[in-house]
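A quick write-up on the structure given underneath.
The values are calculated or read from the model by the stated rules, or taken from the named source; none is laboratory data. Remember, predicted model here, so these are calculated numbers, not experimental data. Methodologically, a virtual Cβ is constructed for each residue, glycine included, from the backbone with ideal geometry; neighbour enumeration extends over all protein chains shown.
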Amino acid sequence: MAAIDFRSAAPKSGYTLSSLIGALAAWNDRRMTRNSLNKLSNRELDDIGLVRGDIEAIANGDLIR
């Protein structure tokens, strides 16, 4: 009689608890960065070499200065 491998019968979602927690932590880091930079005045942003339009790119990690 042939053995059935039940472990490979169930499809895997590709998400583990650690990857979910990592994604949540990355989202929170982006949110906190965005909120912190939005609290600065235009003058303070200019002092660090940014303009208000750079905030989203900085938070997403697309713009590094």
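Structure summary
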{"item": "Top-ranked residue in the stretch 52-65 [being part of a helix (DSSP H, G or I) and more than 14 Å from the chain's Cα centre (by Cα); ranked as surrounded by the most Cβ atoms within 10 Å (Cβ to Cβ)]", "result": "ILE55"}
{"item": "Qualifying position, being at pLDDT 90 or above, of a type outside the set (A, V, I, L, M) and exposed (fewer than 10 other Cβ atoms within 10 Å of the Cβ), among GLY49, GLY22", "result": "GLY49"}
{"item": "Near pairs, Cβ below 8 angstrom, 6+ apart or cross-chain, from the stretch 28-44 (loosely packed, with under 11 Cβ neighbours inside 10 Å) to any residue that is assigned to a helix (DSSP H, G or I)", "result": "ASN42/ARG52"}
